[in-house]
Structures are given as structure tokens and as C-alpha cells.
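Scroll down for the structure; my scribbles are underneath it.
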Amino acid sequence: MKIKNIKMQINGDNILDNISFNLNRNDKVGLVGANGSGKSTLLKIISGEVLPDSGVLDLENAKIGYLKQEISSIYNDYTIEKYIKQITGYDKLENRLNYLQSNLDESNINEYNQTLNEFLAIEGYIFDDKLQKIIYGLSLQKSIDAFIGHLSGGEKMKVSLATVLMINPDVLLLDEPTNNLDIKAIEWLENYLINLSKQMIIVSHDETFLNNVVNKIFELKNGSICKYNLKYNDYLL
């Protein structure tokens, strides 16, 4: 992934000014900076949620998994399982794959292969087992049949985090992922991310979590970015 000359103004202030960097395979970046330095804005730009004023984003066809801070109320009547399967695309892919398998011929073999590849990309054949492990790891003390509208704010954040992990993205953008997690769940998430061969950018006030997970630090300050090939504790020195 390549980010080049990203500029962003908010209320006339240069929040991001010519931000450029490359994200290479297995780069796990801790994005740090003072409040208001543009950390969340940069993640939103990379995710496509916000358009920059100028600059180039070459995502190299990477699938992006962005941890949002809330779940829309339109999903209140969805169960946890239904919500995650819809957002990840599991339900749609499974239904289409089953249809194509039952009606397979020369006219749809290419669509079948594409659909199968997309299903495999989200690890569709082990989806339910993986979901249960992630829900348990994040200490979400709710059945997957519980309705989104009945969850607390902290529980919804855990569902959001589980959803991002279930997407199985190429690039993870995690904005304060340890919020609302207890120590056991934070340790589980640390181990999960450490063993995940993905590119990721993490914003977190949890210094221990950052030091355990990331292998690079990008610092935003006065609209500019400084890059350090260091663990978080070494960056602090």
C-alpha cells in the first residue's frame, strides 16, 4: 500500500500536509500523535470513508478492514450473527455459491470460481468456528443470537472489532481497539494480532498493547509524519 502527498484541511487548519508512506508486508504500525493531530482522519481517508483534499492512495487492490466506533441503529433488529455475516458478505456469498453449485454449467463457471475465491478469502468454510473463537476471545458475554439493539456501547464495540477480524482483510485499521476490553481480552487480541500476517495501522492509548504488537511507529505532528523502525518503547527513548 502506498500513500502519497495526502493533504487535508479541517476548518482552515492543515491537519495533514503532504503525508506519504509505504506499508509493506507484515508492517504493523503504531500511529501516534497528540489529540487532534489527524490520526483518526488519516485512518478514515485510507478506509475510503473520507476523501482527502489531494493526494494519491494506491491500495494495490488490498481489502481494508476499518474498525468503526459505532454500529448504525439500522441494525438494531439484527442478531450479532446476522450482523457479522451481512457486513462480511458471508450470507450473500454462501447463498450465491450454493445456487451456482446447483446450476453449474459453462455459462457461469467463471462466476462460480470468482464467488468461491471470495468465499475462501473470508474463510467461509470455517466461518462459524472462527466467529465463536473470536467472540470468546474478546470476552463478549452475549449469545450470537442477541440483538444488536440490546447491547451496551462496549458490547457493540466488541461486535465491531469481531466483524473487522472476520472480514479477514489485507490491511487492518484499528482505532482504539482495546477500548472496553478487559485484561484477558486485551491479551488475547495482542496474541491474535502478533500472529496475524497482515499489514496494520493501530491507534491506541494503551502503550503496553502498542509495544507488544507493532514493529514501527508513525508519528503525526503539525501536519507532518515521522517514521521510525522501532518498537514503541524504543521510540519513547
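Compute the signed sum of charges (Lys and Arg +1, Asp and Glu -1) over the other residues within less than 12 Å, Cβ to Cβ, of MET157.
Combined, the nearby Lys, Arg, Asp and Glu give -1.
Grab the Cα-Cα distance for LYS2 and ASN24, subtract it from 0.36 nm times how many residues apart they are, and report the gain in nm with one decimal.
7.0 nm
Sort 18-28, 85-95 for me by packing, meaning the mean count of neighbouring Cβ atoms within 10 Å per residue, highest on top.
The peptides rank, most packed first, as 85-95, 18-28.
With a point put 7 Å past each Cα toward its Cβ, work out how far SER143 is from GLU111 in nm, to one decimal.
3.7
Bin by bin, in steps of 5 Å, what percent of the Cα pairs in region 1-49 do you find, going until the bin that has the longest distance?
Per 5 Å bin, starting at 0, the Cα pair percentages come out as 5, 17, 29, 30, 13, 4, 1, 0.
So what is the orientation-averaged projected area of the chain, using the convex hull of its C-alpha atoms, in nm²?
14.5
So what's the net charge close to ASP17: Lys and Arg +1, Asp and Glu -1, counting the other residues with Cβ under 15 Å from its Cβ?
So the surrounding residues net to +1.
Output wanted: per-residue J couplings in Hz (rounded whole) for region 193-207, from phi through Karplus 6.51 cos²θ - 1.76 cosθ + 1.60, θ = phi - 60°, x for Gly and Pro.
Calculated HN-Hα couplings, in order: 6, 4, 8, 8, 8, 9, 7, 8, 10, 10, 9, 7, 8, 8, 5 Hz.
Scale the Cα Rg of region 129-237 by the rule-of-thumb value 2.2 N^0.38 Å and send over the ratio, two decimals.
The value comes to 1.16.
If a/c stays under 1.5 just call it rounded; otherwise compare a/b with b/c (prolate if a/b is bigger, oblate if not). Do that for region 175-220, with a ≥ b ≥ c from the square roots of the Cα gyration tensor eigenvalues.
oblate
What's the FRET efficiency of VAL56 with LEU237 using the Cβ-Cβ distance as r and R₀ = 30 Å, to the nearest 0.05?
On the way: r = 34 Å, r/R0 = 1.13.
Rounded to the nearest 0.05, the efficiency is 0.30.
What do you get for Rg/Rh over region 38-107 if you use C-alpha atoms and the Kirkwood form of Rh?
Working: Rg = 17.4 Å, Rh = 15.5 Å.
Taking Rg over the Kirkwood Rh, I get 1.12.
Using a 1.4 Å probe over the heavy atoms of the protein chains, calculate the carbon and sulfur portion of the accessible area of region 35-149 as a whole percent.
46
Taking square-rooted eigenvalues a ≥ b ≥ c of the alpha carbon gyration tensor, is region 123-186 rounded, prolate or oblate, where a/c under 1.5 means rounded and, failing that, a/b exceeding b/c means prolate?
It comes out oblate by the Cα gyration axes.
Exceeding 29 Å between C-alpha atoms, which entries from my cross-link table qualify? They are LYS7/LYS85; LYS142/LYS221; LYS92/LYS158; LYS142/LYS231.
LYS7/LYS85; LYS142/LYS221; LYS142/LYS231, as the Cα separations exceed 29 Å there.
Counting heavy atoms of the protein chains only and a 1.4 Å probe, report the per residue accessible area for region 84-157 as a whole number of Å².
59
Give me the number: length gained by fully extending TYR136 to ASN11, i.e. 0.36 nm times residue separation minus the C-alpha to C-alpha distance, one decimal in nm. Display every interim value, and only then the final one.
On the way: separation 125, 0.36 × 125 = 45.00 nm, distance 4.27 nm.
Going from the current span to full extension adds 40.7 nm.
How much mean residue ellipticity at 222 nm does the chain get from its helices, if each DSSP H run of length 4 or more adds -39500 (n - 2.57) and you divide by all residues, to the nearest 500 deg cm²/dmol?
Estimated from H runs of four or more residues: -11500 deg cm²/dmol.
The values are calculated or read from the model by the stated rules, or taken from the named source; none is laboratory data. Since we're looking at a predicted model, the values are computed, not measured. As a convention, Cβ positions derive from the backbone with ideal geometry for all residues, glycine included, and neighbour counts pool all protein chains shown. The accessibility values were calculated without ligands, DNA or RNA, using every heavy atom of the protein model including side chains. Shrake-Rupley method; radii C 1.70, N 1.55, O 1.52, S 1.80 Å.
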